[in-house]
Amino acid sequence: MPFMLYQVRAKGSDHEYTYVRNAQIAGSRGPLAALQRRKNSGGVCPFPWHAAGREIVEGVLGAADGHEIVIDLKPYKTKTVSLYRVMNVWGYSYAEWTPIALHLESLFDMAHHDPREFKKRFIDRGADRDQVGEFLYLQGGVREGTWNWGMVGRVNGTLLWPDAFASLSECLTAVLRE
């Protein structure tokens, strides 16, 4: 599931997305770890936090103007384009790990004869615009860890204790109901 940085330019009422590069948002030097440290300067544990999509772009690029982070949810499925724009991330950082909730906007989830070429440059006319959520986790927290992605496979995902579930589900539910 690659995270990609796109330059976005207005084209009338539509937007043209041009692929810039893959974006590393996890890892101990990535923007998610840096944002948690900045927002939690007192080292409170556990610590709920939020980052808007523009803050993540700023962490990747240094500036957010005219850029977006887009996730390719099905990068290895042939003939499939499955692109989602990162709108918000909420984290709940424990000492050594952080479950997160992603607020995503569906751009395209469709069959296409040449997905690789489509992903290089596309116009969002006809984009789905559905608001969806996803839960993941990072192997880093307030006190230590790599901040690399946790293992999510065919039958496993994020374990959410009651405090993290309440915090993340409340934030994600509120934005998805808007």
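Quick check, is D109 at pLDDT below 95 and either in a strand (DSSP E or B) or closer than 26 Å to F165 by Cβ (or both)? Against the criterion (at pLDDT below 95 and either in a strand (DSSP E or B) or closer than 26 Å to F165 by Cβ (or both)), D109 qualifies. When the range 64-87 is filtered for residues that are over 15 Å from D130 (Cα atoms), touching a strand residue (DSSP E or B) at 6+ places or on another chain (Cβ under 7 Å) and basic (K, R), the ones remaining, listed by number, are K74, K79. Kindly indicate which of S93, S106 is surrounded by fewer than 19 Cβ atoms within 10 Å (Cβ to Cβ), in contact with a strand residue (DSSP E or B) (Cβ under 6 Å, 6 or more places away or on another chain) and within 26 Å of M151 (Cβ to Cβ). So the residue among S93, S106 that is surrounded by fewer than 19 Cβ atoms within 10 Å (Cβ to Cβ), in contact with a strand residue (DSSP E or B) (Cβ under 6 Å, 6 or more places away or on another chain) and within 26 Å of M151 (Cβ to Cβ) is S106.
Within the range 48-84, the residues that satisfy the criterion of being free of Cβ contacts under 8 Å to residues at least 40 places away in the same chain, touching a helix residue (DSSP H, G or I) at 6+ places or on another chain (Cβ under 8 Å) and assigned to a helix (DSSP H, G or I) are E55, I56, E58, G59. Quick check, is R121 basic (K, R) and under 12 Å from the mean Cα position of the chain (by Cα)? Against the criterion (basic (K, R) and under 12 Å from the mean Cα position of the chain (by Cα)), R121 does not qualify.
The values are calculated or read from the model by the stated rules, or taken from the named source; none is laboratory data. It should be emphasised that the depicted structure is a prediction, and the values quoted were computed from it without experimental measurement. Glycine also receives a Cβ, built like all others from the backbone with ideal geometry; neighbour counts cover every protein chain displayed.
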